[in-house]
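Below: the structure, in structure tokens.
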Amino acid sequence: MADSARLTPAPPAIHSELGLQMHRWMVLSRVLEDRLFALWKQGRIRGRLLTGRGQEAIPTAAALAVNPDDFMCIMHRDMAAHLIRGTTAETVMLHYFGKATGPSGGRDGDIHFAEWERRNFPMVSHLPDSFPIALGLALTSLLRRDRAVTVAFCGEGSTSVGTWHETLNFASVFRCPNVFVVENNQYAYSTPADRQYRGRLVDRALGYGIRGECLDGNDVMAMHEAMVRAIARAREGEGPTLIEAMTMRMDGHAGHDDAAYVPDELKALWRARDPIERLEVRLREDGAASALLESNWSAAREEVDAAVESAWGAPDPTAADLLTRGVFADPA
Ligand SMILES: Cc1ncc(C[n+]2csc(CCOP(=O)(O)OP(=O)(O)O)c2C)c(N)n1
């Protein structure tokens, strides 16, 4: 081997660019939710706080696999999907501070938000009522032949509700361009999965005659490949896919919950599978410089600092605005 070849570091593997993008978004989501949690403890957040820390690989992989024209029904563990689809950290802060210029105009300071102009449907609190909405969006795309795909998320607890089953059945029968992602974080609030269902969730795909895939939801690369496959099938008219992504939420259900019901060993097992740390190991093996990864962390901290500062100073809604703005149609 020539000396120059020996001295030149191996070029990053072909997928490193995508890997670095994934890293950037997962880190931004983590830093933003770390900050939201601190603000919530200070009483500066208007509503409750639900985070997806530890689950970032799933929304990241999904949002990087869709097109801007596709639809996403984003849930309470999916901050990275908002960010990747163009909602800024500042908009998120405006929302949580209940500001007039936030997505709900100051009416909500909780997780129920999304920017519809980005084709993101806001979380519906009644679980899993985003699923029939995702079905309606996909059916519309089918009828219009616009080739858009709709990706919807839910937790494993949500799969016990009737609308979940009706959605999968209808989507299967009409081959709707849907991808249904179950983020199986093994607890629905304090209810463990073995008190929720028997068998494997992914096997339900068989019952509905659709394709199912169960995978490690903390492996962002594997998740991305699965999403790309499922989205391509949906777009080509081959029908919906059910993806069961195994993961664990590293916080309680919401800020007030310390998740004391989750055994310490289980938490430790999944902490060791942190999706960001795993990706960092992989990127380093592929030749990514540590400084590059560190710069993603520092850029995210700067972005979040600036977002908090600017959103905190934004105007609050007036009482009159809250009562009337966006409530009645313009009498045009
Ligand atoms: C129909 C319905 N029942 C109960 C609730 C209250 N609730 C909100 S989140 C939640 C846990 C949901 O668990 P899962 O679907 O597994 O999602 P996770 O929060 O674990 O991501 C519950 C019970 C609700 N929002 N809707």
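Remarks
- Scanning region 306-322 for residues that are surrounded by 10 or more Cβ atoms within 10 Å (Cβ to Cβ) and free of Cβ contacts under 8 Å to residues at least 12 places away in the same chain returns a single hit, 309.
- Residue selected from region 69-103 under the condition among the charged types (D, E, K, R) and open to solvent by 10 Å² or more (accessible area, probe 1.4 Å), by the criterion nearest to residue 325 (Cα to Cα): 99
- Tally, over region 168-195, of residues that are small (Gly, Ala, Ser) and within 16 Å of the ligand (Cβ to nearest atom): 3
- Within the set 244, 265, 238, 213, the sole residue that is in contact with a Cys (Cβ under 6 Å, 6 or more places away or on another chain) and farther than 30 Å from residue 46 by Cβ turns out to be 244.
- Among (1) open to solvent by 10 Å² or more (accessible area, probe 1.4 Å); (2) over 13 Å from the mean Cα position of the chain (by Cα); (3) more than 16 Å from the ligand (Cβ to nearest atom) - the single one residue 47 does not satisfy: (3)
- Taking (1) open to solvent by 10 Å² or more (accessible area, probe 1.4 Å); (2) under 30 Å from residue 281 (Cβ atoms) in turn, residue 179 satisfies each apart from (1).
- Restricting attention to region 196-222, the residues that are touching a residue at least 60 places away in the same chain (Cβ under 8 Å) and within 16 Å of the ligand (Cβ to nearest atom) add up to 2.
- Scanning region 148-157 for residues that are within 12 Å of the ligand (Cβ to nearest atom) and either part of a loop (DSSP other than H, G, I, E, B) or open to solvent by less than 10 Å² (accessible area, probe 1.4 Å) (or both) yields 153, 154, 156.
- Members of region 228-243 found to be in contact (Cβ under 8 Å) with a residue 24 or more places away in the chain and in contact with a Ser or Thr (Cβ under 9 Å, 6 or more places away or on another chain), listed by number: 230, 231, 234, 239, 240
- Looking only at residues of region 104-140 that are assigned to a helix (DSSP H, G or I) and touching a residue at least 60 places away in the same chain (Cβ under 8 Å), we find that the one that is most open to solvent (accessible area, probe 1.4 Å) is 133.
Here is a yes/no grid of residues against (1) modelled with pLDDT under 95; (2) within 16 Å of the ligand (Cβ to nearest atom):
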position	(1), (2)
51	no, yes
58	no, yes
66	no, no
75	no, yes
84	no, no
90	no, no
104	yes, no
118	no, no
125	yes, yes
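- Enumeration of residues in region 234-275 that are open to solvent by less than 10 Å² (accessible area, probe 1.4 Å), away from the ligand (no atom under 13 Å from the Cβ) and assigned to a loop (DSSP other than H, G, I, E, B): 239, 240
- Residue count for region 202-233 satisfying the condition of being part of a strand (DSSP E or B) and within 28 Å of residue 25 (Cα to Cα): 5.
The values are calculated or read from the model by the stated rules, or taken from the named source; none is laboratory data. The shown structure was predicted, so the numbers you read here are calculated from the model rather than taken from an experiment. Every residue, glycine as well, gets a Cβ built from its backbone with ideal geometry; the counts of neighbours run over all protein chains shown. Note: accessible area is taken over every heavy atom of the protein model, side chains too, but ligands, DNA and RNA are not part of it. Shrake-Rupley method; radii C 1.70, N 1.55, O 1.52, S 1.80 Å.
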